[in-house]
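Below is one structure, written out as structure tokens; the observations come after it.
Rule-based calculations on the coordinates, nothing more; no lab input. Only a predicted model underlies this, so the values are computations on that prediction, with no experimental measurement involved. With ideal geometry, Cβ positions are generated from the backbone for all residues, glycine too; neighbour counts draw on all protein chains shown.
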Amino acid sequence: MQAINWQTDWAEKLYDEVVADQRFVYLSRYIVSEIYEVSLRERGKEGAEDAQLHLSTLWNLDSTVMPHPQEVITPPDTTDLYGGPVNRRRTSPLQITHLRHNPFSLLLEGVFDSLERGDAPILADAYKMALLSEQGIGTHRKQIANPVLVRRPEEMRFFNRLRDNGVSNLTSRIITNDGAFSDVNPSSVGIDNVVVEEYPKL
């Protein structure tokens, strides 16, 4: 969001590292939705178009795993030959609110004093991705990972990427410029496979 909407130098540097295949990232549906909604809110139609362009660029990179943007942010005014709606937007402020109020997000918010409700789903997804790395790198290609963890195509792609590269016991790293979020220490409650880092470091 920083690189797309506010042209922040440090965020653009991270974005360029992803494009150059120097940094691997996983973008959940929640984050993709947030990028689009913030861009739309901050800069209207131009912001929404920029967000779609950047998300499409990221989707096509080998260094990213994420849902296809059209699965999440299909514009609401797409029509068929008869003028009727083909697809309604998959994301909306209301849907984002639902994600922020799911039981696990509320639990995490209650556990960590400095964790805001809007950041709880990010921490939850990071924990989920770390757990996927523990599903066994020796499993048969057709064997599906834990169905509780894998419910979306991008989650299966992430699991396959980990297994194909022999990665196990992954530590998820959340990079944020939010001071309150960076104060969250998952290891203080026994979550040792997620790290929250402030960036840029002050």
Discussion item. Please list, in order along the range 24-32, the HN-Hα scalar couplings obtained from phi with the Karplus expression 6.51 cos²θ - 1.76 cosθ + 1.60 (θ = phi - 60°), rounded to whole Hz, x for Gly and Pro.
Written reply: 9, 9, 10, 10, 6, 4, 5, 5, 4
Discussion item. Assuming 0.36 nm per residue, please report the length gained on full extension of the stretch His68 to Asn169 beyond their Cα-Cα distance.
Written reply: 33.7 nm
Worksheet item: Which FRET efficiency, nearest 0.05, do Ala20 and Asn146 yield, Cβ-Cβ r, R0 35 Å?
Response: 0.60
Worksheet, complete the sentence: With x for Gly and Pro, the residue-by-residue ³J(HN,Hα) of the range 103-109, computed from phi through the Karplus equation 6.51 cos²θ - 1.76 cosθ + 1.60 at θ = phi - 60° and given in whole Hz, is x, 5, 5, 5, 5, 4, 4
Response to the item:
Karplus-derived 3J(HN,Hα) from phi for the range 36-42 (6.51 cos²θ - 1.76 cosθ + 1.60, θ = phi - 60°), whole Hz, x at Gly and Pro, runs 5, 5, 5, 4, 5, 5, 6
